[in-house]
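See below for the structure under consideration.
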Amino acid sequence: MGRYWNEKIECMSREDMKKLQDERLVAQVRHVYDNVAYYRKMMDEKGVKPEDIRGTEDLHKLPFLTKADLREAYPYGLLAKPLSDCVRIQSTSGTTGKRVVAFYTQHDIDLWEDCCARAIVAAGGTRDDVCQVCYGYGLFTGGPGLNGGSHKVGCLTLPMSSGNTERQIQFMMDLQSTILCCTPSYAAYIGETLHDMGYGPDDIKLKAGIFGAEPWTEEMRREIEKLLGIKAYDIYGLTEISGPGVSFECEEQTGMHINEDHFIAEIIDPDTGEVLPEGSKGELVFTSITKEAFPLLRYRTRDICVLTREKCSCGRTLVKMSKPMGRTDDMLIIRGVNVFPSQIESVLLKMSNATPNYQIVVDRLNNSDTFEIMVELNDDMLSDTVKSIEELERKISSDIHSILGIKAKITLVEPKSIPRSEGKAVRVVDKRKLV
Ligand code: ADP
Ligand code: ZN
């Protein structure tokens, strides 16, 4: 217990946190209104003045910002500080279309790295740890964010970036890394490579992993924990709001605490924009109340999750968000049914002989959707009889059917035939070209 980077904030009473948020929100709305013509126009059109916002209860009066706004305002349209005050630009990975850029002053970098430091300390990190950062460095926020957080905590930082997996493992062993930071799909790949090289968890010193930047399931978590002999912590963030560390998991592993002194979270109905009560599933919306250069108000993340203020055993009072099950735009509509890749991952990883390597292929044939799931077998299965392989195929097929209500064609493929990811995994190949 007591693993906090900033106990005063992380364990602050609700009343004090509300007061802090109110003050910061009022000042931030004024800052944005005065300095961002794009948003001022949106507020004027909605008939909202900065003085109408007196605290978080007035948040709902503000207009939403979307990724389309960021693309329209690209590159400088949402900047709230002169460029000469900015020290950094980062960019989204472009998973769902044209990349957008975000700007940072030194103050913004500091608060972002501070959030990452909270995540590392929550995962058990101290100045005695060796923290291997294998998120990509560069425009992507993963590497720079965790790198900065690791420095703040005082860990010995290994800025590996992603790729060259055998070298990652060599360094991990030679330099006795204790904390690993990367995407969960890359963590699984590192684990697989470790085993392929003839090693196991006992040959490395890792104790914890901080994995995020893409959706992953509880089943995937257990798989990685087993492969690497660690405790795996989730971390969430997005470039538009700063980067990784917007929220982070504690030892309870039941959702991620949002750094509410910097980011106010709301859940809305993605169709109507209506704010939903605590505990409802909906789209996550963030208002950043401390950033100077790129302060987005009511930014729609398109990530679907649930917020809860239930007491957490770690002692933190920060609101928790559930693992996002995917984004509204990750959701596939197949034969009229909503399908999230994470639902499929859950089914697959419940089978002992499937691996976390799969790909969903959707196409359209004679006006009807085809839905195929390629699932990679593990080496042990190769020696199994055709009958038992057919059995596995049938089991996956019937479990998918019972969860989604539609049938998928299951294709079991040879070990190592699905491309591995060193960053965000590509789980879906949609050939329908509907958009
Ligand atoms: P892009 O939107 O191009 O992928 P980012 O690299 O900024 O750009 O990624 C942010 C997005 O990544 C989030 O909006 C969310 O969809 C996803 N993401 C980040 N962390 C997690 C996580 N821990 N679990 C699920 N999804 C995550
Ligand atoms: Zn907690």
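The values are calculated or read from the model by the stated rules, or taken from the named source; none is laboratory data. Owing to the predicted nature of the structure, the values given are computational and were not obtained by experimental measurement. Ideal geometry is used to build each Cβ from the backbone, glycine not excepted, and the neighbour counts take in all protein chains shown. Quick note on the areas: whole protein, heavy atoms, side chains included, nothing else; ligands and nucleic acids left out. Shrake-Rupley method; radii C 1.70, N 1.55, O 1.52, S 1.80 Å.
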The answer for the net charge of residues other than Gln106 whose Cβ lies under 13 angstrom from its Cβ, with Lys and Arg +1 and Asp and Glu -1, is -3
With a 1.4 Å probe and every protein chain left in place, tell me how much accessible area Tyr4 has, in Å² to the nearest 10. 40 Å²
Between Arg420 and Ser368, with labels modelled 7 Å along Cα→Cβ, what's the label distance in nm to one decimal, could you check? 3.9 nm
Please list Phe64, Phe211 in order of solvent-accessible area, largest first, computed with a 1.4 Å probe with all protein chains present. Phe64, Phe211
What's the local net charge at Ile169, with K and R +1, D and E -1, over the other residues with C-beta under 13 Å away? -3
To the nearest 0.05, the calculated FRET efficiency linking Ser13 and Glu251 through their beta-carbon distance, R0 being 25 Å, is 0.70
Heavy-atom accessible area of Thr66, protein chains in place, probe 1.4 angstrom, given in Å² to nearest 10, is 50 Å²
Helix 106-122 sits off the longest principal axis of the Cα atoms of the chain, rounded to the nearest 10 on a 0 to 90 degree scale, by 50 degrees
Pairs Lys46/Lys281; Lys61/Lys323; Lys350/Lys431; Lys19/Lys291: which exceed 21 Å Cα-Cα? Lys46/Lys281; Lys61/Lys323; Lys350/Lys431
Show log10 I(q)/I(0) for the range 152-224 at q = 0.16, 0.25 Å⁻¹, two decimals, from a solvent-free Debye sum over equal Cα scatterers. -0.56, -1.35
With springs connecting C-alpha atoms under 10 Å apart, model the chain as a Gaussian network and identify which of Glu113, Glu283, Glu310 has the largest mean-square fluctuation. Glu310
For Val130, what is the net charge nearby, where nearby means another residue's Cβ is under 12 Å from its Cβ and Lys, Arg count +1, Asp, Glu -1? 0
Using a 10 angstrom cutoff on alpha carbons, build the Gaussian network for the chain and name the most mobile of Tyr135, Tyr33, Tyr104. Tyr33
Modelled FRET efficiency - R0 56 Å, Leu382 with Ser280, Cβ distances, 0.05 increments: 0.75
If one takes the longest principal axis of the Cα atoms in the chain, at what angle in degrees, from 0 to 90 and to the nearest 10, does the Cα axis of helix 218-228 lie? 70 degrees
Which three numbers, in whole Å and largest first, are the semi-axes of the equivalent ellipsoid of the range 81-148 derived from its Cα gyration tensor as √(5λ)? 24, 16, 9
Would you mind working out the accessible area per residue for the chain, using a 1.4 Å probe, and quoting it in Å²? 42 Å²
Hull surface over four for the Cα convex hull of the chain, reported in nm², is 21.5 nm²
Under the helix-only model (-39500 (n - 2.57) for each DSSP H run of 4 or more, divided by the residues of the chain), the mean residue ellipticity at 222 nm, to 500 deg cm²/dmol, is -9500 deg cm²/dmol
Folded to 0 to 90 degrees: helix 184-196 orientation relative to the chain principal axis, Cα: 30 degrees
Once R0 is set to 22 Å, what does the formula 1/(1 + (r/R0)^6) return for the Cβ-Cβ distance between Met173 and Arg222, expressed as a FRET efficiency to the nearest 0.05? 0.40
Give me the number: length gained by fully extending Met197 to His401, i.e. 0.36 nm times residue separation minus the C-alpha to C-alpha distance, one decimal in nm. 69.7 nm
Using a 1.4 angstrom probe and counting only protein chains, how large is the accessible area of His401 in Å², to 10? 70 Å²
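Within the accessible area of the range 278-435, what % is carbon and sulfur when the probe is 1.4 Å and the other protein chains stay in place?
Numbers: 3830 of 7450 Å².
Answer for the range 278-435: carbon and sulfur cover 51 percent of the accessible area.
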Using amide H atoms built in the peptide plane, which far-off residues or other-chain residues are under 5 Å from Gly245 H to H? Tyr236, Gly237
How far is the Cα center of the range 95-131 from the Cα center of the range 205-242, in Å? 15 Å
Which of Lys207, Lys395, Lys323 fluctuates most in a GNM of the chain (C-alpha springs under 10 Å)? That residue is Lys395
